[in-house]
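For reference, the structure discussed in these notes is given below.
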Amino acid sequence: MELVVGSGKSVQTRTMRAAAKVAGSPSKLRELLGVRASDLMDWLSGVQKPPRKVFFQAVELVLDHLEGRAFDGDALAPRGPLGDDIDRG
């Protein structure tokens, strides 16, 4: 089931577009996510849905922005269930 609200675009497409805006540009988002430009363009245009991992990374980026957290290159680090950083050491 695909949730579509408002603009007629899927929540995945809308989230990827919002993440690109937060990152500063699609190319910066591509670098952050470590994905191919052609894949990112497909996700931004709604031709394909991003893989779940990529989608959740984009969600984290957007939520951090909405919560007023400054963007720092570590915005896509894994987080615990309550938003706490996971110890990766």
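Values as computed for the structure displayed
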| read-out | value |
| --- | --- |
| Where SER25 falls short, out of the listed (1) modelled with pLDDT under 90; (2) out of contact with any helix residue (DSSP H, G or I) (no Cβ under 9 Å at 6 or more places or on another chain) | (1) |
| Members of segment 50-75 that are modelled with pLDDT of 95 or more and either of a type in the set (S, T, N, Q) or not in a helix (DSSP H, G or I) (or both) | PRO50, PRO51, GLN57 |
| Where a residue in segment 31-50 is small (Gly, Ala, Ser) and its partner, wherever it lies, is in a helix (DSSP H, G or I) and at pLDDT 95 or above, with Cβ under 7 Å and at least six apart | ALA37/ARG30; GLY46/THR13 |
| Every residue from segment 32-49 that is in contact with a helix residue (DSSP H, G or I) (Cβ under 8 Å, 6 or more places away or on another chain), outside any loop (DSSP other than H, G, I, E, B) and not small (Gly, Ala, Ser) | LEU32, LEU33, LEU40, MET41, TRP43, LEU44 |
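The values are calculated or read from the model by the stated rules, or taken from the named source; none is laboratory data. What you see is a predicted model; the values in this text were computed from it and never measured. When we count neighbours, we look across all protein chains shown, and the Cβ atoms used for this are built from the backbone with ideal geometry, even at glycine.
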